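Structure first, commentary second.
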Amino acid sequence: DGGITQSPKYLFRKEGQNVTLSCEQNLNHDAMYWYRQDPGQGLRLIYYSQIVNDFQKGDIAEGYSVSREKKESFPLTVTSAQKNPTAFYLCASIKATQGASEAFFGQGTRLTVV
Amino acid sequence: AQTVTQSQPEMSVQEAETVTLSCTYDTSESDYYLFWYKQPPSRQMILVIRQEAYKQQNATENRFSVNFQKAAKSFSLKISDSQLGDAAMYFCAYRNSKTSYDKVIFGPGTSLSVIP
């Protein structure tokens, strides 16, 4: 079955460490997105990518980095510069066709700083 | 910049009753898409219903329907015959239609409780 896979489901980070969250999709979607979810704040866009080897900053990109070397993969690195990384992270993708294409989501990664 | 507002952080409804969740948005575009997503305790985001701005007819999906008021920039979700499984966070979302890749902008969400 096609879908978006995020791993790991739970991730713990020590202070000063970089960690990478994985997002893989087999839907043949062109655009991929990373959102951060905090209680009471909905989903905030971190980075997004429309095509391979290209990506744009979202509203809260500071302290994060991404790459898009393959169409299927869009990993997110949470760097030590991100001062408050504890949150739930969601990866999404959209098919680049006309019409009201909705975003498909992975099951999320819960990141906790210990 | 486009924004999405949900003014009801929490709502509750009796099982089998009807509830309406509010959403307003701000945009200068004329063509766009609107969505309602459901996030149950599993935290998996599920599309509930979508609306294309150029369509005047309100979208419906079984027990879910919307009231789309383009001039007022309002997009409310009505859930009829509420069921225990409807308990979840509900997010209103907006996307421009000028490009196929445009980012989706989400509101802060409404937490819906269903009372047996």
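Listing for the model above:
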{"item": "For A:CYS91: the one exception among (1) in contact with a strand residue (DSSP E or B) (Cβ under 6 Å, 6 or more places away or on another chain); (2) within 14 Å of chain B (Cβ to nearest Cβ); (3) surrounded by fewer than 16 Cβ atoms within 10 Å (Cβ to Cβ)", "result": "(3)"}
{"item": "Residue in segment A:32-55 that is farthest from the chain's Cα centre (by Cα), counting only those that are of a type in the set (S, T, N, Q) and more than 7 Å from chain B (Cβ to nearest Cβ)", "result": "A:ASN53"}
{"item": "In segment A:94-114, residue modelled with the highest pLDDT [restricted to those that are crowded, with 21+ Cβ neighbours inside 10 Å and among the β-branched types (Val, Ile, Thr)]", "result": "A:THR109"}
{"item": "Some residue of segment A:7-20 being surrounded by 13 or more Cβ atoms within 10 Å (Cβ to Cβ) and within 14 Å of chain B (Cβ to nearest Cβ)", "result": "no"}
{"item": "Strands (runs of 3 or more DSSP E) wholly inside segment A:43-86 that include at least 3 residues being loosely packed, with under 15 Cβ neighbours inside 10 Å", "result": "A:54-57"}
{"item": "Candidates B:ASP102, B:ASP81, filtered to the one that is of a type in the set (Asp, Glu), more than 8 Å from chain A (Cβ to nearest Cβ) and over 27 Å from A:MET32 (Cα atoms)", "result": "B:ASP81"}
{"item": "Contacts under 9 angstrom Cβ, first residue in segment A:8-24 being outside any strand (DSSP E or B), partner loosely packed, with under 13 Cβ neighbours inside 10 Å and not hydroxyl-bearing (Ser, Thr, Tyr), 6 or more apart", "result": "A:LYS14/A:VAL114; A:GLU15/A:VAL114"}
{"item": "Residue that is within 14 Å of chain A (Cβ to nearest Cβ), more than 19 Å from A:PHE105 (Cα to Cα) and in a loop (DSSP other than H, G, I, E, B), where the choices are B:GLN44, B:GLN57", "result": "B:GLN57"}
{"item": "Qualifying residue in segment B:47-68 (condition: touching a Pro at 6+ places or on another chain (Cβ under 8 Å), closer than 16 Å to B:GLN83 by Cα and either surrounded by fewer than 17 Cβ atoms within 10 Å (Cβ to Cβ) or not aromatic (Phe, Trp, Tyr) (or both))", "result": "no"}
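The values are calculated or read from the model by the stated rules, or taken from the named source; none is laboratory data. Nothing here was measured: the structure is a model prediction, and the numbers come from that model. Cβ: placed from backbone, ideal geometry, glycine included. Neighbour counts: every protein chain shown.
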